[in-house]
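The values are calculated or read from the model by the stated rules, or taken from the named source; none is laboratory data. Keep in mind that what you see is a predicted model, and the values were worked out from it rather than measured. Note that we place each Cβ from the backbone using ideal geometry, even for glycine, and neighbour counts take in every protein chain shown.
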Amino acid sequence: MKKVCVFTGTRAEYGLLRWVMESIRGSDKLDLQLIASGAHYSALHGWTYKEIEADGFRIDRKVEMLLASDSPLAVSKSMALAQMGVAEAIEALDPDLLLVLGDRYETLAAASAALIMRVPVGHIHGGETTEGAIDDYIRHAITKLSNLHFVAAREYRERVIQMGESPSFVHLVGGLGIEAARKCQLMSRDELSANLGLDWKKNSMLVTFHPVTTEGSEQSVSQMRALLAALHEFPEFTIILTRPNADQWFAGLNKEIDLFLVDHPNSKAFPSLGSRRYLSCMANVDLVVGNSSSALLEGPAFDKPAVNIGDRQKGRIRAANVIDCPPDARRISDAIRLAGSQGFRSAIAGKPNPFGDGRSSEMITSILERTDLSSLGRKSFHIIPLGLGDSQ
């Protein structure tokens with residue numbers, strides 16, 4: 001049995017990893033291990049480790065690493081704590097591979113620990129670009145720390161190979177968000193209303209806005225204020241807000257949300273909805289608004305109109321469901337009206353999905369089963385000839 005250790009640090013990434021974990025657990029050739037860390041053990045972010053346990057998974061090691069601050073210095077110190085904790089977990093669990101997803105700073109710390117502990121890393125959702133967040137730097141750094149790659153689209157595979165990774169170890173498996181959306185047992189609108197304590201109006205939207213980490217705290221707060229000012233123009237809507245991730249400056253965004261809720265009794269904010277409730281909300285609302293990757297990755301599975309604000313997701317592949325707009329209150333409200341129109345909904349219905357057919361977990365598990373993980377410890381740089389002339 002090959003020991004595959006999955007690392008998770010946030011609600012959103014766990015929602016994608018869950019089905020990979022289910023598939024690995026069902027394999028007769030792989031042994032699932034699990035390290036949980038980051039916001040999973042934060043009261044401010046909803047104690048989401050409980051969702052992992054409720055889904056029937058055993059957390060083999062927990063790594064507490066968040067400090068009671070959202071400053072860049074605190075995040076840097078948290079990364080150090082994460083690297084120490086994951087190194088200790090790897091020492092105890094002795095996995096054959098550490099499997100990580102995405103572009104979070106705690107994930108970078110985990111991959112760094114695995115490198116020093118001489119454990120190969122498998123990376124899911126590499127090769128993507130998000131120019132409006134430091135996640136872009138982190139994602140590419142994790143790619144270079146990794147030995148095995150599972151990407152969501154052909155363009156992303158080409159980018160990982162361009163970074164010097166061997167094509168033999170870069171596998172196109174599609175996006176995990178599509179699979180999560182299709183496999184989730186969705187709740188009805190009535191069930192959600194009762195569960196969330198909402199008097200669900202005819203019109204509704206799901207809103208998630210994260211800090212813009214390539215800019216300062218003032219810019220993130222300013223952009224959140226622009227979004228909330230736009231939402232003021234839609235009193236007829238039930239608005240479900242999910243609070244931001246444990247990034248730099250998340251506390252300032254939470255304060256703005258709290259001020260907004262005072263004047264909007266039919267709106268409600270949640271530290272974490274959990275994967276099932278979040279996807280159920282996405283399926284039942286009229287549109288999705290904010291700067292979360294979920295609008296781009298899971299939204300197409302529901303043909304859900306999405307307003308993407310600012311540059312946080314700049315560079316990602318988009319399906320037809322996405323309307324991009326700058327962080328300006330008037331432009332946001334105009335985009336919301338367009339996204340909510342019957343004409344736009346009709347235009348995006350049935351359009352091609354760029355992220356596969358929802359079999360990502362099955363494909364990842366199959367690749368892990370047939371790959372000699374012991375051979376991944378050393379890799380060479382794959383050179384792509386640039387065709388430069390002799391004079392250069």
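So residue 239 ticks every box in (1) outside any strand (DSSP E or B); (2) in the same structural domain as residue 335 (by TED's automatic domain parsing) but one. Which box is left unticked? Of (1) outside any strand (DSSP E or B); (2) in the same structural domain as residue 335 (by TED's automatic domain parsing), only one is false for residue 239: (1).
When we screen 97, 67 for residues that are in contact with a helix residue (DSSP H, G or I) (Cβ under 8 Å, 6 or more places away or on another chain) and either closer than 27 Å to residue 46 by Cα or modelled with pLDDT under 95 (or both), the only hit is 67. The C-beta contact set for region 250-274 (first residue outside the structural domain of residue 50 (by TED's automatic domain parsing) and part of a loop (DSSP other than H, G, I, E, B), second residue surrounded by fewer than 18 Cβ atoms within 10 Å (Cβ to Cβ) and not small (Gly, Ala, Ser), distance under 7 angstrom, 6+ apart or interchain) comprises 266/199; 266/201; 271/44. The set of residues in region 44-93 that are in contact (Cβ under 8 Å) with a residue 12 or more places away in the chain, of a type in the set (A, V, I, L, M) and within 22 Å of residue 269 (Cβ to Cβ) comprises 44, 66.
Residues in region 20-47 that are modelled with pLDDT under 95, crowded, with 16+ Cβ neighbours inside 10 Å and either assigned to a helix (DSSP H, G or I) or among the hydrophobic types (A, V, I, L, M, F, W, C) (or both): 38, 39, 40, 41, 44, 45.
Test residue 357 against the criterion of being under 30 Å from residue 163 (Cα atoms), of a type in the set (Asp, Glu) and either buried (at least 19 other Cβ atoms within 10 Å of the Cβ) or touching a residue at least 60 places away in the same chain (Cβ under 8 Å) (or both), and give yes or no. In short, yes.
Scanning region 336-388 for residues that are of a type in the set (Val, Ile, Thr) and out of contact with any His (no Cβ under 7 Å at 6 or more places or on another chain), which turns out modelled with the lowest pLDDT? Filtering region 336-388 for residues that are of a type in the set (Val, Ile, Thr) and out of contact with any His (no Cβ under 7 Å at 6 or more places or on another chain), the one modelled with the lowest pLDDT comes out as 384. In contact with a strand residue (DSSP E or B) (Cβ under 9 Å, 6 or more places away or on another chain), at pLDDT below 90 and buried (at least 23 other Cβ atoms within 10 Å of the Cβ), is that true of residue 305? Taking the combined requirement at face value, the residue does not satisfy it.
So which residues in region 293-324 are farther than 20 Å from residue 128 by Cα and free of Cβ contacts under 8 Å to residues at least 24 places away in the same chain? Result: 304, single match.
If you go through region 192-235, how many residues are in a loop (DSSP other than H, G, I, E, B) and either β-branched (Val, Ile, Thr) or touching a helix residue (DSSP H, G or I) at 6+ places or on another chain (Cβ under 6 Å) (or both)?
Here the count works out to 7.
Looking for something at pLDDT below 95 and more than 26 Å from residue 311 (Cα to Cα) - is there at least one such residue anywhere in region 130-152? No, the conditions are met nowhere in region 130-152.
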